[in-house]
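Asks: The structure that follows is given in the form of C-alpha cells.
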Amino acid sequence: MRRVIKLFLVLLTLLLALWLIWGFLPLGNDSRIFLSLFCLVLAVAWGWRYRREARTEQQPIDEKSLPPEQFAGAVVLVCGASDRLFPAGQAFRETRQGWYIAVSQPEELERLADSFAAARPALIARLSILLAVIPEQWQDADAFNQQLLRWQRAIANSRQAFSGLPPIWCSVWLNAIQDPTENGCCWYSLTHNHESLQVQDNAAVAQAYISWCQQRGAETELPRLSSSLWLQALFSWLNSRVLEVLAIRNHDTPALRPCMLAICTTPVSAVADNLWQQHIAAVTTLPVRPDSQNVPTLPLPDALLAHLPHRHGVSVAMQSWRLAGLLIGIFLLLAMLASWINNQRLIQNVSDHLAIYQRLTGTPAGPKVQAQKQLQRDAGLLDGWQRDGVPIRYSLGLYQGMRLIAPLRASINDWAPPQPVPVINKIVQGPTTLRLDSLSLFDSGKSALKSGSEKVLINALVGIKAKPGWLIVVSGHTDNTGNALLNQTLSIQRAAAVRDWMLSTSDVSESCFAVQGHGASRPIATNDTAAGRALNRRVEISLVPQADACQAAETLPASGVDAGITPSKEN
C-alpha cells in the first residue's frame with residue numbers, strides 16, 4: 001500500500017509539472033520540450049532507484065508485532081533486559097494500557113524504528129523507549145557499562161526515523177528486601193509531573209511515598225526505615241551506574257536524560273555476587289534477598305504509562321493527503337505566478353502595438369495599415385476570449401484583457417487608409433523587344449535572307465516604328481557550335497541583313513538604327529540540347545530611348561568581338 005501511495009505521489013508530481021510547463025509557463029516550444037524530458041528523466045531515475053532500494057533493503061519487520069494504526073494506548077519499545085519481560089519467542093505484549101515491543105539487541109532498534117516510522121507514522125507520537133535494567137543479573141560492571149553505551153548509541157541513531165528522540169524512561173526490576181515469601185509487586189516512580197516519589201503497591205492507587213509509609217502503621221517502623229535506606233542506596237546506584245553514563249555525550253551520540261524513573265520490587269532471577277549485591281555490601285548492612293530461580297515473566301509497568309507525554313499523530317493516509325495537498329498548493333502558486341507574467345506580457349504587447357500605431361502619421365499609408373491590421377488581430381483575439389472564455393494560462397493571474405478592448409477599438413476606428421487612385425493603363429503599340437528565330441530568316445551558316453523570310457519580317461515588325469529619341473537596336477546571336485570568331489562575325493552579318501531589309505522597306509532614317517553582334521556570349525537557354533541551341537540562334541530588335549537618336553548619322557565603333565556594334569551600313 002505504501003508503494004502504491006508513493007507511486008501515486010510521483011505520478012501526481014509529474015502530471016502537475018507537465019501541466020505547468022505546457023499550460024502556464026511563458027516558454028518557447030524548445031524550452032518546453034527540454035523541461036518535459038528533464039521531468040520524465042527524473043521520474044524514471046526515481047523509479048529505478050526506488051526499485052533498487054526495494055531489492056537491496058533488509059527484510060522489514062513483521063507488521064504483526066506492530067499495533068494497529070487505530071491503537072489508542074501507549075506504544076513502548078522495550079530495550080535492555082527485554083527477554084525477562086516477554087515469554088520465550090514472543091515479540092510483543094498487549095495490555096489494556098499499552099503495546100510493548102521487545103528489542104533484544106541494540107542493532108535491531110534502528111531497523112525497527114525505520115519500519116515503525118514507515119508503517120505506523122500516526123503512532124510515533126504515542127511511542128516511548130523503555131530502558132529495562134535488572135542489576136541482579138549482571139556481575140561485571142564494565143560489561144554492564146559497555147552494554148549501556150551500546151543502547152545509548154542505538155537510541156540516538158533512531159532519532160532520524162522518529163524525527164527526534166521520543167520520550168525515554170528507565171525502569172529497574174529488583175528483589176525486595178522483605179520476606180521472600182511475599183510475592184507482591186510494588187512500583188516506585190519519579191515522574192516529570194510529580195515532585196516527590198510515588199508508590200503504587202499491588203495495583204493500588206499511586207500515592208506519595210510519605211503518605212504510603214504513614215498508612216502502613218506504627219508496627220512497621222523498622223521495615224519503613226529499612227525500605228527508605230534501601231531506596232536511597234538503590235537511587236545512588238542508579239544515578240552512578242545508569243543516569244550519569246547516559247548523560248555523557250560521546251562523539252556524535254547525544255546525552256540521554258530519562259523523563260521518568262521507575263523501580264519495581266518483585267521476585268527476580270538473580271545470579272551470585274551480582275552488581276546489586278556488591279553495591280549493598282559496600283554501602284549498607286541491609287540484608288540481601290537470596291538468589292531465586294525459575295521466576296516467571298516480570299510485570300510490565302502499565303501503571304506508569306499514564307505519566308508519559310502524548311501527542312496527536314498523523315496516519316500514512318493523512319500524510320499522503322497532506323503531501324498531495326502541498327504539491328497542489330505549490331502548483332497553484334506557480335501557476336498563478338506564471339499566469340500573472342502572461343497577463344503582463346499581453347498588456348505590454350498590446351500597449352506596444354498601440355504606441356507604434358499612434359506614432360505613425362499615415363504618410364505613407366503602408367506602415368500604418370500594417371499596424372492597424374495588427375491591432376485588428378489583437379482586438380479579434382480579445383473578443384474571442386470574451387465570447388468563448390479566457391484561457392486558463394491567463395485567467396489565474398488577474399486577467400486584464402477586458403480593459404484593452406475599448407482603446408483598441410477606438411484606435412482602429414479613428415483612422416482609415418486613403419482610397420487608391422485608379423490607374424489608367426497605357427496601351428503600348430507593339431513590343432519594345434522582338435525576338436526572331438534565325439532559322440526562319442537564314443540558312444544554316446549563312447547571313448543572307450532566304451526566300452520567304454520577308455513575310456516573317458513583315459508580320460513580326462508590324463508596330464515597330466522609330467520615334468524621336470528612340471534607337472532601333474538590331475542584335476544577332478548564335479549558339480556555341482563552331483568557331484567563336486566566326487560565330488561573332490555571323491551574328492553581326494545577320495543583324496546587318498535585317499537592318500538593311502528594314503531600311504529598304506521603310507522610310508526610317510539610317511541614324512535610327514544600331515547593329516550589334518554578340519555571337520554565343522548571351523545565351524537564353526542551355527547549349528547542351530538541340531532545343532536550347534535553337535533558342536539561342538536568334539535576332540533581337542529593341543527600342544532603346546536615346547536623346548540623339550534618329551539625328552545625323554554618326555560613325556560607330558568598328559565591328560568586332562570587343563565592340564559588338566557595326567557601322568550603320570554593311571558593305
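The values are calculated or read from the model by the stated rules, or taken from the named source; none is laboratory data. Just so it is clear, the model here is predicted, and its values are computed rather than measured. With ideal geometry, Cβ positions are generated from the backbone for all residues, glycine too; neighbour counts draw on all protein chains shown.
Asks: Please tell me if W138 is buried (at least 19 other Cβ atoms within 10 Å of the Cβ), in contact (Cβ under 8 Å) with a residue 40 or more places away in the chain and out of contact with any strand residue (DSSP E or B) (no Cβ under 8 Å at 6 or more places or on another chain).
Replies: For W138, the condition - buried (at least 19 other Cβ atoms within 10 Å of the Cβ), in contact (Cβ under 8 Å) with a residue 40 or more places away in the chain and out of contact with any strand residue (DSSP E or B) (no Cβ under 8 Å at 6 or more places or on another chain) - is met.
Residue by residue, here is whether (1) modelled with pLDDT of 85 or more; (2) of a type outside the set (A, V, I, L, M, F, W, C) holds:
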| position | (1), (2) |
| --- | --- |
| P258 | yes, yes |
| A262 | yes, no |
| P267 | yes, yes |
| I280 | no, no |
| T285 | no, yes |
| R289 | no, yes |
| N294 | no, yes |
| P299 | yes, yes |
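Asks: With the structure loaded, tell me whether A17 is surrounded by 13 or more Cβ atoms within 10 Å (Cβ to Cβ), part of a helix (DSSP H, G or I), touching a Cys at 6+ places or on another chain (Cβ under 9 Å) and small (G, A, S) or whether it fails that test.
Replies: Values: surrounded by 13 or more Cβ atoms within 10 Å (Cβ to Cβ): yes; part of a helix (DSSP H, G or I): yes; touching a Cys at 6+ places or on another chain (Cβ under 9 Å): yes; small (G, A, S): yes.
Judged against the criteria, A17 is a match.
Asks: I129: modelled with pLDDT of 85 or more, more than 49 Å from the chain's Cα centre (by Cα), surrounded by 22 or more Cβ atoms within 10 Å (Cβ to Cβ) and in the same structural domain as L298 (by TED's automatic domain parsing), yes or no?
Replies: On the way: modelled with pLDDT of 85 or more: yes; more than 49 Å from the chain's Cα centre (by Cα): no; surrounded by 22 or more Cβ atoms within 10 Å (Cβ to Cβ): yes; in the same structural domain as L298 (by TED's automatic domain parsing): yes.
In short, no.
Asks: Also, I was wondering about something else. Of the numbered conditions (1) at pLDDT below 85; (2) closer than 30 Å to P299 by Cβ; (3) not in a helix (DSSP H, G or I), K64 satisfies every one except a single condition; which is it?
Replies: (3)
Asks: Looking only at segment 99-110, which residues are surrounded by fewer than 23 Cβ atoms within 10 Å (Cβ to Cβ) and either in a loop (DSSP other than H, G, I, E, B) or of a type in the set (G, A, S) (or both)?
Replies: A102, S104, Q105
Asks: Continuing with the same structure: Modelled with pLDDT under 90, of a type in the set (G, A, S) and under 30 Å from V4 (Cα atoms): does that describe A91?
Replies: Criteria met by A91.
Asks: Considering A113, A117, which residue is part of a helix (DSSP H, G or I) and crowded, with 21+ Cβ neighbours inside 10 Å?
Replies: A113
Asks: Further question on the same structure: Condition first: outside any loop (DSSP other than H, G, I, E, B) and either modelled with pLDDT of 85 or more or surrounded by fewer than 12 Cβ atoms within 10 Å (Cβ to Cβ) (or both). Can you find one or more residues in segment 156-166 that meet it? Working first, answer last.
Replies: From segment 156-166, those outside any loop (DSSP other than H, G, I, E, B) are 156-157; that's our starting set.
Those left that are additionally either modelled with pLDDT of 85 or more or surrounded by fewer than 12 Cβ atoms within 10 Å (Cβ to Cβ) (or both): 156-157.
Scanning segment 156-166, I find at least one residue that is outside any loop (DSSP other than H, G, I, E, B) and either modelled with pLDDT of 85 or more or surrounded by fewer than 12 Cβ atoms within 10 Å (Cβ to Cβ) (or both), so the answer is yes.
A quick yes/no check of all residues on (1) of a type in the set (A, V, I, L, M, F, W, C); (2) more than 22 Å from H251 (Cα to Cα); (3) not assigned by TED's automatic domain parsing to the domain that holds D302:
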site	(1), (2), (3)
A117	yes, yes, no
L123	yes, yes, no
I134	yes, yes, no
W151	yes, no, no
R159	no, no, no
N175	no, yes, no
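Asks: Mind listing just one residue for me: the one in segment 207-233 that is assigned to a helix (DSSP H, G or I) and in contact with a Leu (Cβ under 8 Å, 6 or more places away or on another chain) and, of those, modelled with the lowest pLDDT?
Replies: Out of the qualifying residues, it is S226.
Asks: To continue, here is another question. Count, please, the residues in segment 363-373 that happen to be within 13 Å of I412 (Cα to Cα) and of a type outside the set (K, R).
Replies: Residues meeting the conditions: 4.
Asks: For segment 85-107, which residues satisfy the criterion of being touching a residue at least 40 places away in the same chain (Cβ under 8 Å) and not hydrophobic (A, V, I, L, M, F, W, C)?
Replies: Here is the first cut: in segment 85-107, the residues touching a residue at least 40 places away in the same chain (Cβ under 8 Å) are 85-87, 93, 95-98, 100, 106-107.
Selection gives P87, R93, T95, R96, Q97, G98, Y100, P106, E107.
Asks: Further question: Could you check segment 525-559 and list, in sequence order, the residues that are modelled with pLDDT of 85 or more and assigned to a loop (DSSP other than H, G, I, E, B)?
Replies: Hits for segment 525-559 are A525, T526, N527, D528, T529, R537.
Asks: What are the pairs with Cβ atoms under 6 angstrom where one residue, in segment 235-248, is outside any loop (DSSP other than H, G, I, E, B) and the other, located anywhere, is of a type outside the set (D, E, K, R)? Sequence gap at least six, or different chains.
Replies: W237/H279; V245/L148; L246/Q152; L246/L256
Table: residues versus (1) closer than 20 Å to N349 by Cα; (2) at pLDDT below 80.
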residue	(1), (2)
G384	yes, no
L396	yes, no
G401	yes, no
L408	yes, no
Q429	no, yes
S453	no, no
A460	no, yes
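Asks: Output the residues belonging to segment 12-31 that are among the hydrophobic types (A, V, I, L, M, F, W, C) and free of Cβ contacts under 8 Å to residues at least 12 places away in the same chain.
Replies: Residues satisfying the conditions are L15, L27.
Asks: Identify all residues within segment 396-417 that are closer than 26 Å to I21 by Cα and either surrounded by 14 or more Cβ atoms within 10 Å (Cβ to Cβ) or not assigned by TED's automatic domain parsing to the domain that holds H353 (or both); write none if there are none.
Replies: Within segment 396-417, L396, G397, Y399, G401 meet the criteria.
Asks: Still on this structure, please answer the following. Quick one: F8 ticks every box in (1) surrounded by fewer than 15 Cβ atoms within 10 Å (Cβ to Cβ); (2) free of Cβ contacts under 8 Å to residues at least 40 places away in the same chain; (3) of a type in the set (A, V, I, L, M, F, W, C); (4) part of a helix (DSSP H, G or I) bar one, so which box is it?
Replies: (2)
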